[in-house]
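Here the structure comes first, spelled out in structure tokens, and everything after it is commentary.
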Amino acid sequence: MSVVELEGELGSAVRGDPRPRTRSGTLSGVRGPGRGWHRWVSPLVVVLLWQAASASGLLPARLLAAPTRIAATALDLVGSGTLPTAIAVSLERVLLGFAAGAVAGVGLALVAGLSRAGENAVDPIMQMLRALPFFGLIPLFILWFGIGETPKVLLVALAVSFPLYLNTFAGIRGVDGKLAEVARTLRLGRAALVRHIVLPGALPQTLVGLRQSLGVAWLALIVAEQVNADAGLGYMINDAREFLRTDVIVVGLLVYSALGLLTDALVRLLERRALVWRREFLSR
């Protein structure tokens, strides 16, 4: 074993890292620089096979449009302003619903997590609501809130609140009890205890719930835009379905995916900034 390999193994042992290292001293199994393009090979192969199947007639356009046709349709929708308008409307609904759901989810988690009485009052109701199917709620929301924007935003808010509630509640209950003893020794008030100990301790779990809730928000939006929508990505997809425009449907689904990835990337960036004090985040 060379000196470089020995140093790598010793470094792993000291840090408690069981993963072996290569001759260059890097962790084996960890992708090095310049290897990111490998992840694009299989998607590109799928697209090429898809295009070949469409061109040969094995995949009829009425079932699924060819990638070239989908790309041309996307350019047409962008040029006509249809797609940017739909994205703007859907984004507004998601942001409003997410804001309302985040406030409700985190607030209820604080009530339930900080006292046994709060848990008994809040948690049973949240667990019952969590089991309700979204499509079953649509008729009631239409009766209660009409057919405007309110039921769409509230459906998204309801979906968003559950992941944040569950994860924040678990994070609060997972805070080390010894920290509370230290706070009592320092004679911190309840507000200071929540601010300086409970919230920072629950933050990692809350951010996990944030990532989950953003993904759920886009799924809920598809359901919400079934409620007499006249604009948005869901409306565009539903309208295309009536005319068997599979190219427009795929464009809408791809935009949903792209927006979901973008919002997840933003949360991951926030996670790295907010949790910089954690050792595992500093070592990334």
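The values are calculated or read from the model by the stated rules, or taken from the named source; none is laboratory data. This is a predicted model, so every value here is computed, not measured. In this analysis, Cβ positions are derived from the backbone assuming ideal geometry, glycine residues included, and neighbour counts consider all displayed protein chains. Only protein heavy atoms, including side chains, enter the accessible area calculation; ligands, DNA and RNA are left aside. Shrake-Rupley method; radii C 1.70, N 1.55, O 1.52, S 1.80 Å.
Below is a table of values for the structure above.
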read-out	value
Subset of region 223-241 [within 22 Å of the chain's Cα centre (by Cα), surrounded by 19 or more Cβ atoms within 10 Å (Cβ to Cβ) and in a helix (DSSP H, G or I)]	224, 233, 234, 237
Region 100-125: number of residues that are out of contact with any Phe, Trp or Tyr (no Cβ under 6 Å at 6 or more places or on another chain) and either without any contact (Cβ under 8 Å) to a residue 12 or more places away in the chain or not aliphatic (A, V, I, L, M) (or both)	14
Residue in region 258-271 that is open to solvent by 20 Å² or more (accessible area, probe 1.4 Å), in contact with an Asp or Glu (Cβ under 9 Å, 6 or more places away or on another chain) and at pLDDT 85 or above present	no
Among (1) open to solvent by 50 Å² or more (accessible area, probe 1.4 Å); (2) at pLDDT below 80; (3) not in a helix (DSSP H, G or I) - the single one residue 32 does not satisfy	(1)
Evaluation of residue 244 against (1) among the aliphatic types (A, V, I, L, M); (2) part of a helix (DSSP H, G or I); (3) open to solvent by 30 Å² or more (accessible area, probe 1.4 Å) (one fails), failing number	(2)
Matching residues in region 52-71 - criterion: being in contact (Cβ under 8 Å) with a residue 24 or more places away in the chain and closer than 14 Å to residue 251 by Cα	64, 65, 69, 70
Meets criteria (part of a loop (DSSP other than H, G, I, E, B), modelled with pLDDT under 85 and over 15 Å from residue 222 (Cα atoms)) for residue 142	no
